[in-house]
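To keep things clear, I will list the structure first and then write my remarks on it.
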Amino acid sequence: MKPVKAAGSEDFVNFAMKVHIGGAVILTVACILYALFCFDRVVGFLRRSFSWDDRDIGWMLVAGGYPQKMFLGKKIAVPPMGKVNSGQKVFGVCLAFAGPLLILTGWLLYAFIPFAPKQYISLANHIHLILGIFMGLFLCAHIFLGVYNWGEFKAMFGDGTQPLAEAKDHNPVWVENDIEPVAEATPGKHVSA
């Protein structure tokens, strides 16, 4: 492979497209394998994402209290949440629709440009672009808030546990309804995320 020139050059665009397609292959295979081998988790994720009640509306009205915490340094009352909060549910709903559409339109653009009518390719291109930008921005916000909630970030990329006190603060309904007490509690008192 020859060195990549400046952004915008033909070599750079060609290289970027190869990286994009390589990422698409990895994403497609990962989604298919996860759906096949972890189907119960996919169903649980969808069930939680599409389950809404009055608490979710209240949470959305105050944006989970994040603007007040980040910009004003105030902690306000936020409706208690289950395992996932309303913002995560919105991301889950968007991912449930946009993920398959991104994969489908991407492979349509990759494999069927010579065969498909131009209006379908143009539509697929616009859908792919808009959803890609939208989900990319959503992912940036998701990563930022994941790092902002450092304990939850450590649970995602660590051993899958978080301190019980933190879980009670962020997800009290989950702790109250779904977490089973352990007979021999250890000094750190962590719960499985």
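The values are calculated or read from the model by the stated rules, or taken from the named source; none is laboratory data. All of these numbers come straight from a predicted model, not from anything done at the bench. Because the Cβ atoms are built from the backbone with ideal geometry, glycine has one as well, and the counts that use them run over all protein chains shown. In case anyone asks, the SASA skips ligands and DNA or RNA and just uses the protein heavy atoms, side chains included. Shrake-Rupley method; radii C 1.70, N 1.55, O 1.52, S 1.80 Å.
So Ala116 passes all but one of these: (1) touching a His at 6+ places or on another chain (Cβ under 8 Å); (2) within 25 Å of Ile26 (Cβ to Cβ); (3) not in a helix (DSSP H, G or I). Which condition number does it fail?
(1)
Regarding Leu104, is this residue part of a helix (DSSP H, G or I), hydrophobic (A, V, I, L, M, F, W, C) and modelled with pLDDT of 95 or more?
Considered against the rule, which asks whether it is part of a helix (DSSP H, G or I), hydrophobic (A, V, I, L, M, F, W, C) and modelled with pLDDT of 95 or more, Leu104 comes out as yes.
Output the number of the condition that Pro117 fails; it satisfies all remaining conditions of (1) at pLDDT below 95; (2) surrounded by 15 or more Cβ atoms within 10 Å (Cβ to Cβ).
Pro117 satisfies every listed condition except (2).
Given the conditions (1) over 19 Å from Leu109 (Cβ atoms); (2) open to solvent by 90 Å² or more (accessible area, probe 1.4 Å), and given that Met17 satisfies all but one, which numbered condition is not satisfied?
The single condition Met17 does not satisfy is (1).
Being without any contact (Cβ under 8 Å) to a residue 40 or more places away in the chain and open to solvent by 50 Å² or more (accessible area, probe 1.4 Å) is the filter here, so list the residues in the stretch 126-140 that pass it.
His126, Ile127, Leu129, Ile130, Ile133, Leu137, Leu139, Cys140 - these are the residues of the stretch 126-140 that are without any contact (Cβ under 8 Å) to a residue 40 or more places away in the chain and open to solvent by 50 Å² or more (accessible area, probe 1.4 Å).
Go through the stretch 123-156 residue by residue and tally those that are at pLDDT 95 or above and touching an Asp or Glu at 6+ places or on another chain (Cβ under 8 Å).
Number satisfying all stated conditions: 0.
Restricting attention to the stretch 155-176, which residues are surrounded by 13 or more Cβ atoms within 10 Å (Cβ to Cβ) and among the aromatic types (Phe, Trp, Tyr)?
The answer is Trp174, and nothing else.
Restricting to the stretch 157-193, count the residues that are modelled with pLDDT of 80 or more and of a type in the set (Lys, Arg). Please lay out each step first, then the result.
If we filter the stretch 157-193 for residues that are modelled with pLDDT of 80 or more, which is where we start, we get 157-179.
Adding the requirement that they be of a type in the set (Lys, Arg) leaves 168.
Of the residues in that region, 1 qualify.
If the Cβ limit is 8 Å and pairs must be 6+ apart or interchain, which residue in the stretch 7-36 that is touching a residue at least 24 places away in the same chain (Cβ under 8 Å) pairs with which residue that is of a type in the set (A, V, I, L, M)?
Listed by first residue and then by second, the contacts come to Ala24/Ile103; Leu27/Ile103; Thr28/Ile103; Cys31/Ile103.
From the set of residues in the stretch 40-92 that are out of contact with any helix residue (DSSP H, G or I) (no Cβ under 9 Å at 6 or more places or on another chain) and within 23 Å of Asn177 (Cα to Cα), which is least open to solvent (accessible area, probe 1.4 Å)?
That would be Gly44.
For residues in the stretch 41-97 being among the aromatic types (Phe, Trp, Tyr) and part of a helix (DSSP H, G or I), which is farthest from Gln162 (Cα to Cα)? Full working, then the answer.
Initial filter on the stretch 41-97 (among the aromatic types (Phe, Trp, Tyr)): 45, 50, 52, 59, 66, 71, 91, 97.
Checking the rest, the ones that are also part of a helix (DSSP H, G or I) come to 45, 59, 66, 71, 91, 97.
Details: Phe45: 19, Trp59: 22, Tyr66: 20, Phe71: 26, Phe91: 22, Phe97: 30 Å.
Selected residue: Phe97.
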